[in-house]
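A quick write-up on the structure given underneath.
The values are calculated or read from the model by the stated rules, or taken from the named source; none is laboratory data. Because the structure is a prediction, the values reported are computed rather than measured. Heads up, the Cβs are rebuilt from the backbone with ideal geometry, glycines too, and the neighbour counts pull from every protein chain shown.
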Amino acid sequence: MSVAEKFEQIKQQIIEACLRVKRNPEEVNVIGVTKYVSTERAIEALEAGIINLGENRDDGLLQKWEVLKDKPIWHYIGSLQTRKVKNIINKVEYIHSLDRISLAEEINKRAGHKIKCLVQVNVSGEESKHGLSPNEALVFIEALRKFENISVEGLMTMAPFTNDEYHIRECFRKLRELRNQVQALDLDYAPCTELSMGMSNDYVIAIEEGATMVRIGTALVGEDD
């Protein structure tokens, strides 16, 4: 099945999920995660109408950026080492993994324009995952006030890889509630409208719980052999 055909199926699932919870499907943006595929497959995704592409390594993003430039809206979705910020900072529109002040300082210093950032929250508390605890997130966001090149557009999380739908749903619900707390602070540098949550295995649940960005790789662009 082509990327375009998969995209059509996913868009239909998004519509159905939104109908179940009385949401507007236009509120949901699909990020095609191209980290496991070639530049050619990324081009295919772009041609299929997927304008948001996500990479989780600086070398993967740079390789594709050399060919595609700024045709897609680039999202950096992986954990970002401070020393690698300079490699990608002025090539991306969004960074989904802001989780420490040292990273914020480097982003702010290197950015040639305002960078849309999502604060990564480890809602599940798994040691294998990056991100702030929910209790730390509000204090961290308050501390970002001084960085003029950072706009806190929203929050990001990853649910546990499990078949327990209740546990997955609870994780996404907690992130939505935290997002609402940030919005209630009415911070001009942190509109916090976005919820980046849900991947190939759980994006339908994420949409039902309020996701505005779903990061879909395998189910959309597949994997290279």
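Per-structure values
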{"read-out": "Tally of residues being over 22 Å from residue 140 (Cβ atoms) and surrounded by fewer than 18 Cβ atoms within 10 Å (Cβ to Cβ) across region 171-203", "value": "2"}
{"read-out": "Search result, residues across region 82-139 that are of a type in the set (Val, Ile, Thr) and under 14 Å from the mean Cα position of the chain (by Cα)", "value": "92, 95, 115, 119, 121"}
{"read-out": "Residue selected from region 82-109 under the condition of a type in the set (S, T, N, Q) and modelled with pLDDT of 95 or more, by the criterion nearest to residue 69 (Cα to Cα)", "value": "87"}
{"read-out": "Residue 87 being closer than 16 Å to residue 196 by Cα and of a type outside the set (Phe, Trp, Tyr)", "value": "no"}
{"read-out": "Test set (1) in contact with a Lys or Arg (Cβ under 8 Å, 6 or more places away or on another chain); (2) at pLDDT below 95 - residue 65 fails condition number", "value": "(2)"}
{"read-out": "Residues of region 73-112 classified as charged (D, E, K, R), assigned to a loop (DSSP other than H, G, I, E, B) and touching a helix residue (DSSP H, G or I) at 6+ places or on another chain (Cβ under 6 Å), total", "value": "1"}
{"read-out": "Residue under evaluation residue 174, criteria (1) closer than 24 Å to residue 21 by Cβ; (2) of a type in the set (Lys, Arg); (3) over 19 Å from the mean Cα position of the chain (by Cα), criterion not met", "value": "(3)"}
